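The values are calculated or read from the model by the stated rules, or taken from the named source; none is laboratory data. Since we're looking at a predicted model, the values are computed, not measured. Neighbour counts are summed over all protein chains in view; Cβ atoms, including those assigned to glycine, are modelled from backbone coordinates with ideal geometry. The accessibility values were calculated without ligands, DNA or RNA, using every heavy atom of the protein model including side chains. Shrake-Rupley method; radii C 1.70, N 1.55, O 1.52, S 1.80 Å.
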Amino acid sequence: MNIKELAKKLDLSITTVSRALGGYPDVSDKTRERVKRFANKYQYSPNPYASTLASGKTKTVGYVLPIYGTNTSTLNQGNFFQFIAGMSDELLSESIQLQILFAKSEDEEIKAYEKLILEQKIENIVLQNIKTNDKRIEMLKRYNINYVAWGKTKSKSNFSWVDLDNEGAIEIIINYLINKNHHHISYINISEKYNFANERKSSFLKNLKKNKIKFNKNYYTSVKLEEPEKSFEVIKKMLTKNKKISAIICSTEFSALSAIKACNYLNYEIGKDISIITFDGPLVRDLSSPPITAVSFPVKELGKRAINILLDKNIDGKETRNYLARSQIIERGSVHKVI
């Protein structure tokens, strides 16, 4: 059924039906509900392309998926697709489309956002991979775009975001390791230009101090690129030079796989001679051998919450601009108790 036929059944003008379905305030609640009821009854769905042509605007949500740096490998994109699945569930319920572009570099990423905004007239965007200082946020503000970010900047600027409680997750990990008598704890991070990596490092230092464990700079390293071979060499070198290390915290799944490889190379039995703990995801959940203990968090829920915030929907009976997801430890036997 098209809008002309629906308007005829309702004995209303096409304009009134269109504005009722669009949620315009100049249409009474009674009429709006009647129009929606008939639209559902006759399975009418607005043509998004026609709506865009008519208004010059689109209800589509834009998303740029980076496939460079930490996400060069498709194996490392599992969390993004869980996040996208969460967004899609909410968008489907609102009959809103999701437009995804891919970017192979930072320059391509900026051009992709400009394409979404200037060519495709998209006014709602979800950001991800938030950097400590992120120039994309200023760009979206300049174009007056409605957006929500998966992550925060260092300054925690006044914008809407959803995120994992990175600081709380590291605190949970440190307490978990200390309860198993680990005091020589190493940390494998990625570049702190990504704000989640910066938050995790800060929490690592804070919680060592809180538990009266002196920070050993030889136990900490940051790998700029998620190159498995490079991470393997860095971790192997660290373990060879620092025999007292009893536990390795990995900031990413790729680092965890490299840690497994390094331990196997050095004939360390994981879960007995040395412990590994990381952040959960499909690599360590389904593919690693041995299985790796990890902190798990609801990535799909983050996607759902991002869309709810973007669309100004009430969540749990109240309006919210931010959402912080808590994590929990999933034990898989890769962390031993120091005797």
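Conditions first: (1) in contact (Cβ under 8 Å) with a residue 60 or more places away in the chain; (2) buried (at least 16 other Cβ atoms within 10 Å of the Cβ). Arg326 passes all but one, so which condition is the exception?
Of the numbered conditions (1) in contact (Cβ under 8 Å) with a residue 60 or more places away in the chain; (2) buried (at least 16 other Cβ atoms within 10 Å of the Cβ), the odd one out for Arg326 is (2).
Kindly indicate the residue of region 113-131 that is aliphatic (A, V, I, L, M) and not in a loop (DSSP other than H, G, I, E, B) and also farthest from Ile84 (Cα to Cα) among those meeting that condition.
Restricting attention to region 113-131, the residues satisfying the condition of being aliphatic (A, V, I, L, M) are 116-118, 122, 125-127, 130.
So of that shortlist, the ones also not in a loop (DSSP other than H, G, I, E, B) come out as 116-118, 122, 125-127.
On the way: Leu116: 17, Ile117: 20, Leu118: 23, Ile122: 17, Ile125: 13, Val126: 10, Leu127: 12 Å.
Across region 113-131, the extreme among qualifying residues is Leu118.
Need a quick list: helices (runs of 4 or more DSSP H) entirely within region 181-297 having at least 1 residues that are polar (S, T, N, Q) and more than 30 Å from Leu127 (Cβ to Cβ). Walk me through it before giving the result.
Working: elements: 195-210, 228-241, 253-265.
Of the helices (runs of 4 or more DSSP H) lying wholly inside region 181-297, those with at least 1 residues that are polar (S, T, N, Q) and more than 30 Å from Leu127 (Cβ to Cβ) span 228-241, 253-265.
For region 253-272, how many residues meet the condition of being open to solvent by 20 Å² or more (accessible area, probe 1.4 Å) and touching a residue at least 12 places away in the same chain (Cβ under 8 Å)?
Residues meeting the conditions: 9.
May I ask you to verify whether Asn189 is exposed (fewer than 14 other Cβ atoms within 10 Å of the Cβ) and out of contact with any Asp or Glu (no Cβ under 8 Å at 6 or more places or on another chain)?
no
Which residues, taken from region 132-176, are assigned to a loop (DSSP other than H, G, I, E, B), within 11 Å of Asn195 (Cβ to Cβ) and touching a Lys or Arg at 6+ places or on another chain (Cβ under 6 Å)?
Thr132
How many residues does region 278-293 contain that are under 19 Å from Phe232 (Cβ atoms) and under 20 Å from the mean Cα position of the chain (by Cα)?
Final tally of qualifying residues: 5.
Considering each of Val284, Val223 in turn, give the residue that is farther than 28 Å from Ile339 by Cα, in contact with a helix residue (DSSP H, G or I) (Cβ under 8 Å, 6 or more places away or on another chain) and crowded, with 16+ Cβ neighbours inside 10 Å.
Every option except Val223 fails the conditions.
Could you say which residue among Lys152, Lys180, Lys141 is of a type outside the set (A, V, I, L, M), surrounded by 19 or more Cβ atoms within 10 Å (Cβ to Cβ) and over 19 Å from Leu101 (Cα atoms)?
Lys152
Just to be sure before I move on: is Ile110 in a strand (DSSP E or B), touching a strand residue (DSSP E or B) at 6+ places or on another chain (Cβ under 9 Å) and at pLDDT 90 or above in the structure I sent?
Against the criterion (in a strand (DSSP E or B), touching a strand residue (DSSP E or B) at 6+ places or on another chain (Cβ under 9 Å) and at pLDDT 90 or above), Ile110 does not qualify.
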